[in-house]
Amino acid sequence: MLRRILLSLTYVVLTILVVAGTFVLVAYGNDYSYDFSTHKIIQNGHIIIDSIPSGVQVRADGKDIKKKTPYQAVYKVGTHTFSLAENGYWTWQKTLSVSPGVVTLANYVVLVPRNPKVTVLDSRTQILSESVSKDLRQLAYITGGPDGAVYTMDLGNPTAVKIYTPQPATATTPAEVLTGVSWSADNSHLLISSLIGSTVTYRLASASGGTPVDLTTQYQFDFTGLTFSSDNWQQMYWISPDGLRRLDVSAQSVSAVLAPNVIQFWVVPGRVLYIQQSDGADELWSVDGSGHHQELIEALAASSSYSVTYANFGGTDELAVVPVKTGTGTLYSGIYSSNPVAKVIARGVTAASFSPDGHLLAFSSPSSVVTYDLNQSTIFDRLVSYTITNQPGNLSYLSWFDNYHLLTNRSGSLYWSEYDGSNLIKLGPVDQAFSVYGTSDAKSITEFKPEPNGVQVAQLQIIK
């Protein structure tokens, strides 16, 4: 009898130990720990840091912890400061916030070389205009002076290729002056704009070569503002005196007016967005390839022009709008649904730009940048944004190197920073008239550098 009782007690004790052990393991797996100072069980958070290059010594809260990237550990709730230092690179440092039961990711760290390799791709007396393809693989630019022409360059195999030379003056016609160039979405064609006297001329050129087609002469329209469709290089849109129209070069036809009283438009996947003035109000509409119109925003703040940018993030269509007159940056989510949601994100801004994957949105002005985090705002169910001020110079252009890093042209100098303005690094002089671009492999920066006798097209290698 006593043996049975002892055996039963043993089973009970073992069961309690197993349950307790399981509880401890589950608690540990969920970042719970016992705080001996308060004698309470608390939930911690998790930090993950990864870097390019990897294998970099980690310093946390001012202490060397003898760990290298990739690094992960449990931390108490609150703020903790981390730094990564490697010979030949700028030191990275950032304060990260730790929330209970949440993994804080800093897996985007790029250590920037102190002396990055610069490769000069071309050098010209004058560059008047430039355009990079949507996939960042192809560059087109217009040169001025005696070698005035349109050049293209495959950035993976950088050799300048002349695709068009402007027409010289004749006894009856003034010389052609090149003014702009842009890529089709599939990189197969370019639109080249120019002035011949006071006449704006548009030519359609194949990226593979051949004689460009003079669209203006062929169709006898003023195509000012002509823009490729987002998914078909043979279709282009522009605003005629009568309203928004479409040119279809495959059918050799010009559409009837798609919408009257249009003051601006933007091509987005599968559609064209346009602003129409109606009864004194500005409205945002869309029209698809089949001619179906949909009103997206019933009343915008009146303005002479707008900055509009589109992204699809997590399956939701997102649209950022900045009326230049008011400078208010608003994000509209689910714009094609019956009930889009509007959030005012920033004020006193002039432009907007989504990161390549759409999870970050930067509203900018010459003096500040406000970056809104769509992903973190969804996780925490509140607006998560970062205001970047007190940075050097006036911002003239902003672009994304990758999904986490900003490139800004500030008073003729190129700056690198993270999306929230941290780890700001000056990378040297650039031409203030042009933007800069990350390359398709997210390893280098394509830039236009001033030199004593002209402008260089160059690449700055950030990642080996």
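Bridgeable aspartates and glutamates around Lys76 (alpha carbons under 14 Å apart, same-chain partners fewer than 8 residues away excluded): Asp31, Asp35, Asp61. Helices in the chain, meaning DSSP H runs of at least 4 residues, each add -39500 (n - 2.57). Divided by all residues, the mean residue ellipticity at 222 nm is -2500 deg cm²/dmol. Maximal additional length on extending the Phe380-Asn232 stretch stands at 49.3 nm, based on 0.36 nm per residue less the C-alpha distance.
Scalar couplings 3J(HN,Hα) for region 319-331, obtained by applying the Karplus form with A = 6.51, B = -1.76, C = 1.60 to θ = phi - 60°, are 9, 9, 10, 10, x, 4, 5, 9, x, 9, x, 10, 9 Hz; x denotes Gly and Pro.
Fewest to most neighbouring Cβ within 10 Å: what's the order for Ser182, Ser440? Numbers along the way, then the final one.
Working: Ser182 18, Ser440 15.
Going from least to most buried by this count: Ser440, Ser182.
Cβ crowding within 10 Å, taken as a proxy for footprinting-reagent exposure, orders Lys94, Lys449 from fewest neighbours to most as Lys94, Lys449. Each of Val74, Phe223, Ala207 was scored by the projection of its Cα onto the charge dipole of the chain, and the greatest displacement toward the positive side belongs to Val74; charges sit on the C-beta of Lys, Arg, Asp and Glu.
A 21 angstrom limit on the alpha carbon distance is what I want to check against. Which of Lys117/Lys449; Lys94/Lys426; Lys426/Lys449; Lys426/Lys464; Lys66/Lys117; Lys117/Lys464 exceed it? From the list (Lys117/Lys449; Lys94/Lys426; Lys426/Lys449; Lys426/Lys464; Lys66/Lys117; Lys117/Lys464), the Cα-Cα distance tops 21 Å for Lys66/Lys117. Which residues does a label at Val341 reach in region 292-319, if reach means a backbone N under 17 Å from a point 7 Å past the Cα toward the Cβ? Label zone hits: 311-319. In terms of its alpha-carbon gyration tensor, region 128-251 comes out oblate; a/c meets the 1.5 threshold, while b/c is at least as large as a/b. Straight-line cross-link reach from Lys68 at under 14 Å between alpha-carbon atoms covers these aspartates and glutamates, not counting any fewer than eight positions away in the same chain: Asp50, Glu86. Among the chymotrypsin sites (Phe, Trp or Tyr not before Pro) in region 153-254, none is located in a DSSP loop while being surrounded by at most 12 other Cβ atoms within 10 Å of its own Cβ. The amide H of Leu395, built 1.01 Å from its N in the peptide plane, has Ser367 as neighbours under 5 Å, considering only residues 5 or more places off or on other chains. Look at the alpha carbon pairs under 8 Å that are at least 6 residues apart: their mean separation over the length of region 92-246 gives a relative contact order of 13 percent. Amide H contacts for Ala346 (H built 1.01 Å from N in the peptide plane; partners 5 or more residues away or on another chain; cut-off under 5 Å): Gly329. Normalised by the number of residues in the chain, the average gap of Cα pairs under 8 Å and 6 or more apart makes the relative contact order 8 percent.
In terms of other Cβ atoms within 10 Å, Thr378, Thr446, Thr170, Thr119 run from fewest to most in the order Thr170, Thr119, Thr378, Thr446.
Computed extension length for Tyr108-Ile425: 112.5 nm, one decimal, from 0.36 nm per residue of separation with the Cα-Cα distance subtracted. Available extension along the chain between Ser123 and Val77 is 11.2 nm, counting 0.36 nm per residue and deducting the alpha carbon span.
Along region 291-307 the Karplus relation, 6.51 cos²θ - 1.76 cosθ + 1.60 evaluated at θ = phi - 60°, assigns HN-Hα couplings of x, 7, 9, 9, 7, 9, 10, 5, 9, 9, 4, 4, 7, 6, 7, 9, 9 Hz to successive residues, with x for each Gly and Pro.
Rounded to the nearest Hz, the phi-derived 3J(HN,Hα) couplings of region 234-250 under the Karplus curve 6.51 cos²θ - 1.76 cosθ + 1.60 (θ = phi - 60°) are 7, 10, 9, 10, 7, 9, 7, x, 8, x, 6, 9, 10, 9, 10, 6, 5, where x marks glycine and proline.
Against the chain, whose longest principal axis comes from its Cα atoms, helix 2-29 is set at around 30 degrees.
Taking the inverse of the average 1/r across all pairs of different Cα atoms in region 44-110, what Kirkwood radius in Å do you get? Write out the running numbers ahead of the final one.
Values: mean 1/r = 0.0844 Å⁻¹.
Across region 44-110, the inverse of the average 1/r is 11.9 Å.
Laboratory data are not the source of any read-out in this text; all were calculated from the coordinates shown. The model shown is predicted, which means the values in this text are computed figures rather than measured ones. Note: ideal-geometry Cβ built from the backbone for every residue, glycine included; neighbour counts use all protein chains shown.
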